[in-house]
Every structure is written in C-alpha cells, then in structure tokens.
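Encoded as structure tokens, the structure appears first; notes follow it.
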Amino acid sequence: MRALPLVGAAAAACLLLAGCGDGGGGGASGAGATPSSEASGGAQDEQGDPDPVHGANPVVDDDFPDPDVLEVDGTYYAYATNGNLRNVRVASSTDLVGWTELDDALPTLPSFVIPGKTWAPEVTEVEPGRYVLYYTATNYRPTLQCLGVAVADSPEGPFEPVGDAMLVCPEAEGGAIDASTFRDADGTLYLLWKNDGNCCGLDTWLQIAPLTPDGTALAGEPVRLVQQDQPWEGNLVEAPTLVERDGTYVLLYSANDYGGPAYTIGYATASSVLGPYTKNPEPLLTTYQFDSRYVGPGGQDVVVGPDGEDRLVFHSWYGQNTYRGMNVLPLAWQDGHPVVAPG
C-alpha cells in the first residue's frame, strides 16, 4: 500500500467542523496545479490564511473518480473506479482527510466480463462482518456495461464475485451502471442504478429495486424514479445516491457530460422511498460555484463525519482536467433540502 497525498493539519481539522468557513473557495492545496487554482489564486479566507472549508481539497490528489465511502468502526473506506492497475481502488482514513491506498478490492473479475472498465463501485455492510460490492463492468453477452456483485468478510476485500451472470443487465435499456444502496427504516435494503441509455440513444432513468437480505439478488421489480428532463442535465442523469433526513427522501444524482465543466450534481425529494420524486429546479453543485473551484463535480456520496455531521464526497477535475481527485465538503440540511459548504 502507499500513502496518498495529505493536507495540512490546520485545514484538515477545520474541514471536519461542518460550519467552519465562509463557503468561498479558490485553488487546491494538493501537489499539482489545478484549473481552478490558476484562475482564482488559491483557497484563502479574508485574512489570507488557507480557506478552512475548501483548502483541504482534493483530499485524494490522484485519479480517484466515482467515490463511494463506507464507515466501519471509525475507519472510512473510499472505493473508486479502476486505475493504477487495480479493478476497484480502495483507500482508508480515520478523518476523511488523510487517506492511505490499499490493495485492489476486486483483484479477480468473473469470466463473464471483459476486463478494463470496472467503474463506480459501491460497498455496503449487509450484516456485521459481511460486505457486498456492486460494480460496473463490461458484460460479454450482451456487450454492455452492467452491474455485478461480489462479497467479502472485510471492507478492504478481497471481494469474490458471486453468481454466474451480472446482477442487473437490461439489454433493451442499454445496460446498467452506477450502483448504490439504501437501507430504509424498516430494514429493507435497496439497490439503485442508472440504465445506460445514453450509450444507445435511449433515455436514462434512475431506478430502484429491493434486494434480498444477503444483498446478492434483486427481490422485486425495478421502479423508475427520475430521468433527464432539465436543460442543465444534458442527455443523461446518473450516479444515484439516496439518503433520508427528517422524513424526506433525498435522491442526489450527477448529470450531463462527465468529461468537462457541464457535469453537475442535482437532487430530487420525496415522502416515500419509491417516490414520486420532485426535482429541485436548480443544481446542488456546479463548476461555477465557489469561484469555479470544482470543475465538473459529480460521482457523489453522502457520509456522516467523525463529528456526526454529514459530508458530501465527490470527484472533480484537476491537473488541467487530466484526472479526477476526491473532495469532501460539509453538507447541511434546510427543510429537507441539502446545502453544500454552509457559512
């Protein structure tokens, strides 16, 4: 394993305090220059000190897209799309700021997938000491990106694929990508995903279905939640993340072209896990907030920090748009609606 780039202790400590800072932003504190840092001259507050909210980002100053974060006994595990000769990248942290990269979480792929595109992993603990990994990979027949499943006795892995086929692979809908999970108050575990319609000129829908208690099979038919229908969403919605706060179900998602500044995080709300969901007309986080500090934000997750407050974890472009680093920002709630990096 190797240590990923760390940040200053003062910035790290302040980032962990959800109300710290004024919500402004500028450049990165990582080793490489970023498009936003060159434009804004660095993340600083009014006294010229490093910005306490944004200055720690990227917390992983390396290619680490589509992050999913799981907390187990005070340790956070972040999983990411393939890279660095790993099918599923994983790193660990105790404070969401300093991260250490671990070995490949999914070193062996099943025989029914084509290696090379293992995307957007999601790990959930289905019972104490039992973990399930959902991953996107290219299925052989049909040759589409679809969702597979693997299991392990440790959040670090190694995860072992289960079953003799992909878990979700709807050929008529263009396949499926971007799995995530949600456990409702009644204990039901759900799987969410996006049908990959934009691969084939089809609509994209965020969908949900219940899982069996062991998390390795669907226990019901999928329900469609939302599709692309806002101008800022372009031709797709993807990367669903579902949380419940104060009786409101909040479905966060990414939209538009991931490869540039149009990529955006939006959200929709409902009073029931299966909807209907009403989209917020304005995005939650775009490139052009915080002085264009985060170029193409997306692939988001929500996790509770060490202080009991929510964090938004997401990737954005760095190094002249050559890699997507992982960021962490405070996430607050106002009347059931999320607010990023409050003052």
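The values are calculated or read from the model by the stated rules, or taken from the named source; none is laboratory data. Owing to the predicted nature of the structure, the values given are computational and were not obtained by experimental measurement. In this analysis, Cβ positions are derived from the backbone assuming ideal geometry, glycine residues included, and neighbour counts consider all displayed protein chains.
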Quiz item: Restricting attention to the stretch 106-140, which residues are outside any strand (DSSP E or B) and either at pLDDT below 95 or more than 17 Å from Pro65 (Cα to Cα) (or both)?
Solution: Pro107, Thr108, Leu109, Pro110, Ser111, Phe112, Pro128, Gly129, Tyr140
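From the list Asp153, Asp95, Asp73, Asp66, pick out the single residue that is surrounded by 24 or more Cβ atoms within 10 Å (Cβ to Cβ) and out of contact with any Asp or Glu (no Cβ under 7 Å at 6 or more places or on another chain).
Working: Asp153 fails: surrounded by 24 or more Cβ atoms within 10 Å (Cβ to Cβ); Asp95 fails: surrounded by 24 or more Cβ atoms within 10 Å (Cβ to Cβ); Asp73 fails: surrounded by 24 or more Cβ atoms within 10 Å (Cβ to Cβ).
Exactly one residue qualifies, and that residue is Asp66.
For every residue, the table says whether it meets (1) part of a loop (DSSP other than H, G, I, E, B); (2) within 27 Å of Asp186 (Cβ to Cβ); (3) of a type outside the set (A, V, I, L, M, F, W, C).
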site	(1), (2), (3)
Asn235	yes, no, yes
Pro240	no, yes, yes
Ala268	no, yes, no
Tyr288	yes, no, yes
Asp291	no, no, yes
Pro297	no, no, yes
Val328	no, no, no
Exercise. Return the only residue of Gly266, Gly215, Gly259 being small (Gly, Ala, Ser) and either modelled with pLDDT under 95 or surrounded by fewer than 19 Cβ atoms within 10 Å (Cβ to Cβ) (or both).
Key: Gly259
Exercise. Kindly check whether there is at least one residue in the stretch 194-211 that is small (Gly, Ala, Ser) and closer than 23 Å to Gly116 by Cα.
Key: yes
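For the stretch 141-197, which residues satisfy the criterion of being assigned to a loop (DSSP other than H, G, I, E, B), among the charged types (D, E, K, R) and either within 16 Å of Ala80 (Cα to Cα) or in contact with a strand residue (DSSP E or B) (Cβ under 8 Å, 6 or more places away or on another chain) (or both)?
Looking only at the stretch 141-197, we keep the residues that are assigned to a loop (DSSP other than H, G, I, E, B), and these are 141-144, 153-159, 162-167, 169-170, 174-175, 184-188, 196.
After this cut, where a residue has to be among the charged types (D, E, K, R) as well, the list is 141, 153, 156, 164, 184, 186, 196.
Residues satisfying the conditions are Asp153, Glu156, Asp184, Asp196.
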Exercise. From the list Gly148, Gly83, Gly175, Gly157, pick out the single residue that is more than 17 Å from the chain's Cα centre (by Cα) and over 24 Å from Ala209 (Cβ atoms).
Key: Gly157
Quiz item: Is there a residue in the stretch 189-199 that is loosely packed, with under 15 Cβ neighbours inside 10 Å, touching a residue at least 24 places away in the same chain (Cβ under 8 Å) and in contact with an Asp or Glu (Cβ under 9 Å, 6 or more places away or on another chain)?
Solution: no
Practice problem: Would you check which residues across the stretch 271-285 are without any contact (Cβ under 8 Å) to a residue 40 or more places away in the chain and either small (Gly, Ala, Ser) or surrounded by 17 or more Cβ atoms within 10 Å (Cβ to Cβ) (or both) and list them? | Solution: Ser271, Ser272
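Determine, yes or no, whether Pro306 is within 20 Å of Tyr76 (Cα to Cα) and surrounded by fewer than 19 Cβ atoms within 10 Å (Cβ to Cβ). Working first, answer last.
Working: within 20 Å of Tyr76 (Cα to Cα): yes; surrounded by fewer than 19 Cβ atoms within 10 Å (Cβ to Cβ): yes.
Yes: the conditions hold for Pro306.
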Quiz prompt | Pick from the stretch 59-80, criterion of a type in the set (Gly, Ala, Ser) and within 14 Å of the chain's Cα centre (by Cα), ranking: nearest to Gly260 (Cα to Cα) | solution = Ala80
Quiz item: Name the residues in the stretch 276-293 that are farther than 12 Å from Leu252 by Cα and either touching a Cys at 6+ places or on another chain (Cβ under 9 Å) or among the basic types (Lys, Arg) (or both), would you?
Solution: Arg293
Practice problem: Working only within the stretch 183-204, note down all residues that are under 22 Å from Thr124 (Cβ atoms) and not hydroxyl-bearing (Ser, Thr, Tyr). | Solution: Arg183, Asp184, Ala185, Asp186, Gly187, Leu189, Leu191, Leu192, Trp193, Lys194, Asn195, Asp196
